[in-house]
Amino acid sequence: MSETANLLREMSERLFGEICDKSLLIAAEKGEWPAALWSAMEENGLTNALVPESAGGAGLGISDAFVALRVSASHAAPVPFAETLIAGWLASGAGLAVPSGPLTVAPVRTDETLQLEKRSGGWRLTGRAHRVPFARHATAIVVLAKAGDTPHVAVVDPGRCKIEHGHSLAVEPRDDVAFDCELGPGDVRAAASGVDVATLQAFGAAARAMQISGALARALEITVGYAQERVQFGKPIAKFQAIQHNLAMLAAHSAAANAAADMAAEAAERGMNRLVIAAAKTRCGEAAGVGAAIAHAAHGAIGFTQEHTLHFFTKRLWSWRDEFGKESDWSLELGRAAVAAGPAGLWPDIVAA
């Protein structure tokens, strides 16, 4: 880990550890925006980490910025941190000014296409995007749309859109957004070379993989602590062989998710390699499902209660594993790549990736 990454990790642990407590998480599930947390993130330069210094950002690499993203997930931070990082990267890459405040991106599904039509003095944006994270709280939605066959990036005021509220299993906002608005000439630019909806999906998958690794590490920590404290038949349940076996499995899945997430971050930084990101998101999704099940099995019913903290992390694991492509989607892409490579090409592709 680089010196920058170490400093970022230490600062992020202090920030999220001090502010992101259980009362904040409960309030967020009731619809309250965590303004103090977001302000602290902005003051410490986390939200514009991927925006170049020339555009007023921190100019960090993706791997370094994702260190803070992992820490935020290990505290279940109920904010669009990943989305704001991606939105800043997308907008600044197209030469657009990056708005302050929480941001989000659209579309988040590859089967949805938003359209831009050139008008005298500007553009018209139309289309519908489903399950856009935190759209209701965003100061801007950074949209990837097509003008003809060319991907363009637009910065859109959510107040000009129709937003239907929804939420994820983790009770985080996932809103449907209908776009039908006029945009000025300065609100739209051609996307950076090579950036399209598939690129946006891959970047989102890499971010979700990193968040899964952070949340799963915290679920492991909580579960080990509980197993050492919970006494049954006169001794802590951590002393029972069956529990020890399950804890070892949970630790193994957490370690695998950490390695896969680091791999995805590097792949995103080095040209958005979809094959590597596909493997990482698939592995992290598997770890999320198995790991959450083990954690709740060890806790029994108490892990689902509002008084306990475990569910804040497992609900996010279940939610994030399906976003920006679930395991079956990415596994299918891996399978197709293996078939296309053939017997002679598969191993070289794996080694090169």
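Observations on the model:
- Backbone phi angles across region 164-177, fed through the Karplus curve with coefficients 6.51, -1.76 and 1.60 (θ = phi - 60°), yield HN-Hα couplings of 9, 5, x, 8, 8, 4, 7, 6, 9, x, 9, 9, 8, 10 Hz in residue order; Gly and Pro are listed as x.
- In Å, descending, principal axis extents of the Cα set of region 197-352: 58, 31, 23
- Count, lysine Cα pairs under 28 Å in region 197-353, 8 or more residues apart or across chains: 4
- Longest exposed-site-free window of the chain, the sites being GluC sites (Glu not before Pro) in a DSSP loop that have at most 11 other C-beta atoms within 10 Å: 33-306
- Overall dimensions of the chain by Cα: Rg and Dmax, Å: 20.7, 79
- Of the trypsin sites (Lys or Arg not before Pro) in region 287-332, those whose Cβ has at most 10 other Cβ within 10 Å and which sit in DSSP loop: none
- Radius of gyration over Kirkwood radius for region 182-225, both on Cα atoms: the Rg/Rh ratio is 1.34.
- Using alpha-carbon coordinates, inclination of helix 310-320 to the longest axis of the chain, degrees: 40 degrees
- Straight-line cross-link partners of Lys22 among the aspartates and glutamates, defined as a Cα under 13 Å from its Cα and at least 8 positions apart when in the same chain: Glu307.
- Reachable lysines from Lys118, criterion Cα separation under 20 angstrom, eight or more residues apart if same chain: Lys146
Laboratory data are not the source of any read-out in this text; all were calculated from the coordinates shown. All of these numbers come straight from a predicted model, not from anything done at the bench. All Cβ positions, glycine included, derive from the backbone under ideal geometry; neighbour counts span all protein chains shown.
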